[in-house]
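> Structure provided below as structure tokens; questions to follow.
The values are calculated or read from the model by the stated rules, or taken from the named source; none is laboratory data. Note that the structure is a prediction, hence the values are computed from the model and not measured. Virtual Cβ from ideal backbone geometry, glycine too; neighbours counted across all protein chains shown. Just so you know, the surface numbers come from the protein's heavy atoms only, side chains and all, with ligands and any DNA or RNA stripped out. Shrake-Rupley method; radii C 1.70, N 1.55, O 1.52, S 1.80 Å.
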Amino acid sequence: MWKKFLLSALALLFVAAANTQLCCSLWVDGQALPGIYRLADRDRACTAAAAAAEEIVSGPAQQPRLHQRYHLRLRPASGTVPELSAALLDATPGVERSEGVYVSGVYLGSVADREALFGSLRQFITGQLPTWAETGYLSQELVTRPQYGRSGSQTPVEDMVLLVSGMAPVLYSDGRGYVASA
């Protein structure tokens, strides 16, 4: 009886040891990141963020401080490579997150704030609304995507509104099928 119990306990111990992984909690410049990361994911994210930062700033980039605390875990790690890469790039001096602006797939530049761009575009369209028109809209598709770039390389929102309206002229509709451009 004791032998079976001892062998069962030993088997459970070996199963637990076989499924245990070395993981780490991370802090970037003193800010704790949510989740626990596998060591291989941490290395891949650091390499990717360093390469991206050096490409963005055209030379050696100063990397943010990365502090780690190691853990042995039975559960899988919950942190991902893109999350960690984004946190490292956000903390890298000279690198800024912005919104890339595309009109029908053509890149026009980037702006710091997507909502400010859409608010200014709305104001631009309604500010020129003819008296006969009910609605106004852009003639082509406008899409924004998050991206990283050099600090200070964004286009001012007012200039981007002019670029967008030049690439996608505003169309006005009376609500009954009549459409005209501005």
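> Ignoring ligands, DNA and RNA, what percent of the accessible area of segment 143-182 is carbon or sulfur (1.4 Å)?
55
> May I pose another question? Could you give each residue of segment 121-136 its phi-based ³J(HN,Hα) in whole Hz, using Karplus coefficients 6.51, -1.76, 1.60 with θ = phi - 60°, and x for Gly or Pro?
5, 4, 5, 4, 5, 6, x, 10, 4, x, 5, 7, 8, 9, 9, x
> Could you tell me which label, among (i) -0.55, -0.97; (ii) -0.46, -1.07; (iii) -0.47, -0.97, carries the value of log10 I(q)/I(0) by the Debye sum over Cα atoms at q = 0.09, 0.16 Å⁻¹ calculated for this structure?
Checking each listed value against the structure points to (i).
> Taking only protein heavy atoms and a 1.4 Å probe, what accessible area per residue, in Å², does segment 53-182 have with all protein chains in place?
With all protein chains present, segment 53-182 gives 60 Å² per residue.
> Considering the chain as a Gaussian network with a 10 Å cut-off on Cα pairs, which listed residue, Thr144, Thr92, Thr135, attains the greatest mean-square fluctuation?
Evaluated over the chain, the most mobile residue of the options is Thr135.
> If r is the Cβ-Cβ distance from Ser58 to Gln123 and R0 is 35 Å, what FRET efficiency results, to the nearest 0.05?
0.45
> With angles folded into 0 to 90 degrees, how steeply does helix 81-90 sit against the dominant principal axis of the chain? Use alpha carbons for both and round to 10.
Roughly 60 degrees between the two axes.
> Another question, then. Need one value: the accessible area of Val170 in square angstrom, 1.4 angstrom probe, rounded to the nearest 10.
10
> List every residue whose amide H lies under 5 Å from the amide H of Val95, counting only residues 5 or more places away in sequence or on a different chain, with H placed 1.01 Å from N in the peptide plane.
Ser151
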